Structures are given as C-alpha cells and as structure tokens.
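Novice: Have a look at the structure that comes next, please.
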Amino acid sequence: MQETYLVELKNITKRFPGVTANDKVNFNVRKGEIHVLLGENGSGKSTLMSILSGLYRPDEGEIIVRGIKMVFRSPRNAISAGIGMVHQHFKLIDSFSVAENVILGDDRTAPVLNIKDVENNLAQLSARYGLDINPSSMVWQLSVGEKQRVEIVKMLYRGSQVLILDEPTAVLTPQEADKLFRNLREMAGTGRGIVVITHKLNEVMEIADRVTVLRRGKAVATLERGQFNRTDLAWLMVGQDVVLQNKKKSPPGQRKVLELKGVGCLNDLGRNCLQDVSFTVHQGEIFGIAGVAGNGQRELAEVIAGLRRATEGSIIVNGTDITGFSPRRVIDHGVALVPEDRLGTGLIPNMGAVDNLVLKDYRRREMSRGPFLNRRKAYEKVKQLVNRFEIKLSSLDAPVKLMSGGNLQRLLLAREITSNPKLLIAVYPVRGLDIKATEAVHNLLLEQRERGMAILLISEDLEEIFKLSDRIGVLCGGRITGIIPSEMTDIEEIGLLMMGGTGEMVL
Amino acid sequence: MNQEILVAILATAVTAGTPILYAALGEILAERAGVLNLGVEGMMLAGAVSGFIFATKTSSPWTGLLIAMLAGGLLAAIHAFLTVTLKANQVVSGLALTMFGTGLSGYIGKSYVGMPLPVPFHKVSVPVLSDIPFIGPVLFNHDPMVYLSYILVPVLWFFIFRTRSGLHLRAVGENPAAADSMGINVFLTRYIYVIIGGMLAGMGGAYLSLHYVPSWMENITAGRGWIAVALVIFATWNPVNALWGSYFFGGIDALGFRLQTMNVTISPHFLKMLPYLFTVVVLVLVTKRNMLNRIGSPRALGLPYDREER
C-alpha cells in the first residue's frame, strides 16, 4: 500500500569533508502527526532538516512533497513548497516589529507597506492557534517564548504545511514548553505535520506520535507511539548502555568558600542586570544556578571572576573580600572559570593545546626560565593532562579550534582543575556535547566535588542541575527567586521560580 | 545682525550643505544595507572631476552630473566586489577607495585645474515660492540640484521606512542571516545599495565642481566626505535628519566665511577648522544619546555575510 506523505525524504546522503552527516536516511511526515527526530548532537539531525528546509542540497536522494519530486535551491523554494523551519537560534530582526518580521521576503506584501492590515491578519492567525503575540510589539522587547511563537507564526503566515522545530524547548521554562506542546498539538490537529528535533527522551515520551532515531548519520529506527519506551530509545540513540545515574558519596562540607552579599551589576547595555544576589557555596558542594538563559547567568559568572564590576554588595572567597579585584588577583585567590563561550573566552582558537594550557601558568616559576617560557616543562605537563583527562588531540600544537566540543571542554576543564582552585565556576559546561562527553564532564565535576572543591554550576538544563547539584538557586530577572536543596524540590517548583514566582526560602 | 545678512548666511548654509547631504544620503543607503563605505571622499572627488570634465566637453552640466554618478557608482562597485563578494575588511577597502579616488582625480584633473566652468548650474528662482519673505530667498532661490535634493530626502525616507523594498534593505543591514532565511537575496541587495550610494556621493562631488566653486581643483572636497560619514551617525541613518545635519554643517561653513569678510580678528585657519571640530563634538554627544535611546547602527554594519558560517 502506498501512502502519500506531506513530505518524504528518500535515501538522503550528505557528505561534508571528512564526515558523512547523513547516510541513506529515509524520513517522512504524515498529515496531522507530531514526528520527533531523536539523536545526539552530531548525529545528523540538523543536517537532515537543513536539507528539508532548503539550506543544504543533498548529495544523493530525493525530496518528495505530496507525491511530487522537488529540488530546493534555497530556503525560498522550501517555504513556497509549504515547509517552514523554526531555527534553534531565532532568525528574527530585533529592531523590527513582529509584523515586519513576519512579512519579510513575502511576495504577497504590497510594494507600499500597510502594516495595519498585516497586524490584523496576524492577530487573527495567532488567535486561531492560541499563539498569543502582539503583532505591533518590537521583537527586542519579547521574551524567548514569545520570539519562538513569532517564528512559528511567521511560517504559518507563509502557509507552511510542515513545520520543523529545532530543539524548541532548549530555551523555555518547563511551563512554556508545556504550552508550546499544546500549541503544536493544536496545529497538528488542523492537518499540518510537525517535526520536532530533540535529544531529550522525556519530550519524545510526551509528544511523539512517531519517532525516528538517528545515530551517526543513519536512521536506525522509526517507531510508532506504543512501540517505544525510554530505555529502548536511549539504547538506540547511543548504541550502548548508558548509566543514567551518578552517585554523590560524601555530604558537602560546612566551610564557606564563596559568599555573595547583595551583589548587583550592570549588563553590557548599562542596565541593572543583577540585583541583590546573595548565596553561599560550601566546600565540597555543587551549587546549581537554574534559570532561563539571559536572566543574568553570564553576568553572575563574570562578576565573581572579576571580569565585570560589581556595582553593589560584596563577594567573599575563603574569607577574603575580592570585590573589585582584577581577574588575575581573583585567580590567585583560587577561583577558576569555565566560561559559556569555550572558544571565545575560554581558549584561544588559533593556538595549540600547549599554549592554551599554559595560559594561566606561564607566570609560575616551574613553567618559566627567567623571562622565557620553559617549553619542555609545558609539553611534559600537557602530555600528562592529555592522558589523565583523555583528551584526543591530532597534535599538541594544532589549533584548538579544530577539536570537537567534547575535547575542547575536557581541555578547558583540565586547565582549570589542575590550577587547584577552591572554587570552580562552570557555565553551561555540557552545552553542545553528546551523551558520552556529557557523562565525562559530569564525572569530572563530581570527582572535584568529592575532593572538596566548591562548584558553582550554571546551566539551563534542569536535568543536569538536578543530577549534580546539592542545592539549587534560581535566577530570574537578575534576582535569586529561591534557594532550595535539590532533594527537597522538583522540576515544577523550579520552573515556577524561573518565571519569577516566589518559593519557600530554605537556607 | 540684520535680516539681510541672516538670509545670506542661511542661503549659503543650504548650498554649502548640499554636497554633504548628497554624500550622506548615499552613505545612509549603503550602511542601511550593512556596508560601511569610508570611500565617500574618494567617490566625491571622482564625481567632481569627471563631472567637471564632461560638463566642459559637452557644455552641459546635466551630462556632467550623469557622468559623475557613473564614476561614483563605479568606484562603489569596486568596494562592493571587495567587501560583499570577497568579504574583505570594509574599513580597509573604504580607506583604500578614498586614497584611490584622491590620487586618480588629481591625475585626471591635472590639466583642468583653475579652469572656470563655462556652463555651471545656474540659480533658478522658483516662481511664487521664492517670493515668500525670508523663506523664499533662503530655500527657493537656488540651482536645480538643491531642488532635486529637496525631493530626494522625503522620497528616500518613504522608501526606507514605508515600502517593502525598504524593509528588505533594513533587514539585510540588521540581520542578513534572517533576511536570507526568508528568501531575500543579501548579496544582490548589498551590491545595489552600495552602488546607488556611490552614485549619490558622485553627485555630491559634482555639486562642488559644477555649482559651488564652480571649477576644479585638487582635493576640492576638503574632507566633506568624512563629514558626511560622521553625519550619517548623527542622523541616526535617517534621511530627514541628514538634511538638518547637512545644513547645520553648511551653516558653520558659511558663518566662518562671513566672519572673515566682516573683519573679525579670528584666524581664518581656525574658522576653516570649525566644521571638523563640530563633527568631533557632535559625534561624542550623539553617540551618547544614541546609546541611551537604543538607537544603534544597523546591527550587521561592517560585517561580511557568509551563509555557511555559523
């Protein structure tokens, strides 16, 4: 029996220099279904969807839209064939209004703009699917969730029958994610096909009518609802058993390593960004900071590391008030930072592993010979680290920008951990890493915790926060809206706090 | 100061501001598309010299103006090729363009230096409007290029802010990746507006050699192209503001000139410096204001666009 799909990808192969990103992948979307494309980072999900949305052209294989073979030369072709993509990093113009963003590139727009008409149309369209947005708002004023709805409306306005969402919940609170899922279900109800790209198993269990699992560029299974469970999916995705639980052995110590008292600071635009932030992190404790990205996380890390000036309050490390210290003096007081932006702030992309690893040590006597670097020592040390942290390198001097995300993070952690800090600040430490690399990084962090290091973990992934943290502080709009021991709370409560609700303060 | 002198100063402000206005309007278009073109001075000089030569040869200032536009557009096309297609650094390419335009115009115009133009643009009073007291002689007793700029300013404003093409232009300058994902041709858009911008700069240069002076001398623009570049920021990339700004700088120019003739004991070198001094002062003040009001340059200004890069 031949079924007509909204869209069908047949034997798609796409090669990039050195890798086959998609290897004879078959994928199709039915009317009215939510089809989840599941796979780890680097498994080829995004490549496959970039092919479907016209950004890339496949080396082999066919794209069939409602029974007709098509060739997409650009996103424009895909959009007119009724395929719309909601990118993970929104493609919106901040200084434009919602309506202006929606009509961009649309040939139906009159040569002289009539924004009022467009706004009325949009208001109707968004109301029909329960996607509440205000068409005349400026995009820079919108929350992340609202921006995402604008992206969706943009595609609906263009008449998309197939809607592809790339990691849509990565930037949402759990409550916003629920709302999104309800919206998607409603859209599927009108006969559209929805594709959700994710690596989160719980999302598959929650919304998938069907799931296709990608592993190393191959589609390893397509399963109907009822045919899959969490364990099977995890196994299919990784190709080996995964230990999903880490155990913390010893309880955290009592000695305060980091203490923030009423700290405030400004963001890059000169506006108040952190206000009255107070918390402590103890020896041997992982303190998790949860929150939707952009609520002051980066600034918090920078303020502690001395990269940003605190406008009020004080920061105390091991009994010393380090407020206003230069980054170097902060480092000397035992603070290490693993920044959000590995290749920009953390490492120097065009330098090799050796040079990067001595960046913080070059001043020490054992690394220098008078005013010169002792390169032999540096190589020795790096070789040790490479073994101990299982970093894969093509050569010690190859530019680090060529390394994979997991290896980069290991390199960075190796440098920071071996500087023997009292406090380690880790910002989004596993962003963009696959399951195995994530496990490795998590184990490293837990190891350091056991050895008595205080760790401030900033993450937008609640599962990660719950898995690692002893206590969780929630950051919302630059304020701490609650601090709760992790075994005394759940994702729901943290989610509420992330949206600014007040929780019980248990200190 | 009596009214006669005031009228004279204001009328001179308009003519002195007009070359800056044309150049600034052109730069607004290029920068709205995300391309910084520091070659304005060079494009103005190319326009001034080629306009002068062709106006002399054909005895028609209009032919001269047309050739000036072509010359400016041609230089701008080089900039577009370097920065859009080859993704070269826009600052370096623009500076090179200015040096190239300065040298080239000096070379080409060598034998024309000091020659008077037989057929400059003449003043044409607008009937009825020029009879309005005060306003008439200030605004409506000028040459055709001034009147053309009166029309150009509102037209460009409407185009940029009220039309579909203007929306696409702004989108390309703000976020080329977003524009591309919605099917707008980023490269073509940038080429078009950089070249039109160059044509307008060429017109600004031609105004100097075809009316304001009217003759050719080396470096006739005397830094007006740079004032135009600064003015674009002052005008927050808005043609209407560029009009006020140009006349403001033109006014300072005219005032300096007036003061000299009135035997004020200020060094003429100091007076000549005034417009440039004001450029610096205004930039400092305006940049601060823009930061407070969230008026920024087009987000992607100065950045090459590459689809493959993430």
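Novice: Considering amide H positions built from the backbone, and no H for Pro or chain starts, which residues 5 or more places from A:Thr311, or on another chain, come under 5 Å of its amide H?
Specialist: Sorted by chain and number, the residues that satisfy this are A:Gly264, A:Cys265, A:Leu266.
Novice: Now a separate question. Scan around B:Val124 for amide H atoms under 5 Å from its own, H built in the peptide plane at 1.01 Å from N, and keep only partners 5 or more places away or cross-chain.
Specialist: It is B:His142, B:Asp143, by chain and number.
Novice: Moving on to the next point. Under the rule of at least 5 residues apart or a separate chain, name every residue whose amide H is placed under 5 Å from the amide H of B:Thr163.
Specialist: A:Leu113
Novice: Report the relative contact order of the range A:7-238, percent, no decimals, based on alpha-carbon pairs under 8 angstrom and at least 6 residues apart.
Specialist: Reported as a whole number, the value is 30 percent.
Novice: Here's another thing I want to ask about it. Checking the a/c ratio against 1.5 first, then a/b against b/c, what shape does the Cα gyration tensor give for the range B:18-221?
Specialist: The shape class here is oblate.
Novice: I would also like to ask the following. Which shape class applies to chain A: rounded if a/c is under 1.5, otherwise prolate when a/b exceeds b/c and oblate if not, where a ≥ b ≥ c are the square roots of the Cα gyration tensor eigenvalues?
Specialist: prolate
Novice: How would A:Phe90, A:Phe372 line up from fewest to most surrounding beta-carbon atoms within 10 angstrom?
Specialist: A:Phe372, A:Phe90
Novice: Taking beta carbons within 10 Å but only from partner chains, what does the mean come to for residues B:181-194?
Specialist: Mean partner shielding for this stretch: 3.
Novice: Can you compute 3J(HN,Hα) from phi for each residue in the range A:273-289, using the Karplus curve 6.51 cos²θ - 1.76 cosθ + 1.60 with θ = phi - 60°, rounded to whole Hz and x for Gly and Pro?
Specialist: Per residue, the Karplus-derived 3J(HN,Hα) values read 10, 10, 9, 6, 8, 9, 6, 10, 10, 9, 4, x, 10, 9, 9, x, 10 Hz.
Novice: Also, quick follow-up: The range B:120-151: which chymotrypsin sites (Phe, Trp or Tyr not before Pro) are DSSP loop and have at most 16 other beta-carbon atoms within 10 angstrom?
Specialist: Sparse-neighbourhood loop chymotrypsin sites (Phe, Trp or Tyr not before Pro): B:Phe134.
Novice: Averaging sequence separations of C-alpha pairs under 8 Å and six or more residues apart, then dividing by the length of chain B, give the relative contact order as a whole percent.
Specialist: Taking the mean separation of contacting Cα pairs over the length of chain B, I get 36 percent.
Novice: Right, something else. If you rank A:Val153, B:Val92, B:Val186 by fewest surrounding Cβ atoms within 10 Å, what's the result?
Specialist: Placing the least packed residue first, the sequence is B:Val92, A:Val153, B:Val186.
Novice: Another question, then. Let me make sure I get this right: for the range A:331-488, a, b and c are the square roots of the gyration tensor eigenvalues over alpha carbons, sorted descending. Under 1.5 in a/c it's rounded, otherwise prolate if a/b > b/c, else oblate. Which is it?
Specialist: prolate
Novice: Moving to a separate point now. How far is helix B:186-207 tilted, in degrees, relative to the longest principal axis of the Cα atoms in chain B, given as a value from 0 to 90 rounded to the nearest 10?
Specialist: That works out to roughly 10 degrees.
Novice: Hey, with R₀ at 35 Å, roughly what FRET efficiency would A:Ala123 and A:Lys261 work out to, going by the Cβ-Cβ distance, to 0.05?
Specialist: The calculated FRET efficiency here is 0.15.
Novice: By count of other Cβ within 10 Å, fewest leading, how are B:Trp244, B:Trp216 ordered?
Specialist: Least crowded to most crowded, the residues run B:Trp244, B:Trp216.
Novice: I would also like to ask the following. Counting other Cβ atoms within 10 Å of each Cβ, which trypsin sites (Lys or Arg not before Pro) in the range A:408-507 have at most 13 and sit in a DSSP loop?
Specialist: In loop regions of the range A:408-507 (DSSP not H, G, I, E or B), the sparsely surrounded trypsin sites (Lys or Arg not before Pro) are A:Arg451.
Novice: Grab the DSSP H runs of chain B that are 4 residues or longer, score each as -39,500 (n - 2.57), total them, divide by all residues and round the 222 nm result to the nearest 500 deg cm²/dmol.
Specialist: Value at 222 nm, helices only, nearest 500: -23000 deg cm²/dmol.
Novice: Continuing with this model, one more query. Sorted by packing (mean other beta-carbon atoms within 10 Å per residue), highest first, where do B:76-83, A:123-130 land?
Specialist: B:76-83, A:123-130
Novice: Each residue of the range B:216-225 in order: what ³J(HN,Hα) in whole Hz does its phi give by Karplus 6.51 cos²θ - 1.76 cosθ + 1.60, θ = phi - 60°, with x for Gly and Pro?
Specialist: Computed from phi, the couplings for the range B:216-225 are 10, 9, 4, 6, 5, 6, 6, x, 5, x Hz.
Novice: Tell me the relative contact order for the range A:101-260 as a rounded percent, counting alpha carbon contacts under 8 Å between residues six or more apart.
Specialist: Taking the mean separation of contacting Cα pairs over the length of the range A:101-260, I get 15 percent.
Novice: Which ³J(HN,Hα) values in Hz, rounded to whole numbers, follow from the phi angles of the range A:388-405 under the Karplus curve 6.51 cos²θ - 1.76 cosθ + 1.60, where θ = phi - 60° and Gly and Pro get x?
Specialist: 5, 9, 6, 8, 9, 10, 6, 7, 5, 10, 5, x, 5, 5, 7, 7, 6, x
Novice: Rounded to the nearest 5, what is the percent of antiparallel bridges among the DSSP beta bridges in chain A?
Specialist: 55
Novice: On to the next question. For chain B, take the longest principal axis of its alpha carbons; what is the angle in degrees between that and the long axis of helix B:164-174, to the nearest 10 within 0 to 90?
Specialist: Approximately 80 degrees, to the nearest 10.
Novice: Compute the acute angle (0 to 90°) between the alpha-carbon long axis of helix A:435-450 and the principal axis of greatest extent of the alpha-carbon atoms of chain A; round to the nearest 10°.
Specialist: So the inclination is approximately 30 degrees.
Throughout, read-outs are computed from the coordinates displayed, never taken from laboratory work. Given the structure is predicted, the values throughout are model-derived calculations rather than measurements. Neighbour counts run over all protein chains shown; Cβ positions are idealised from the backbone, glycine included.
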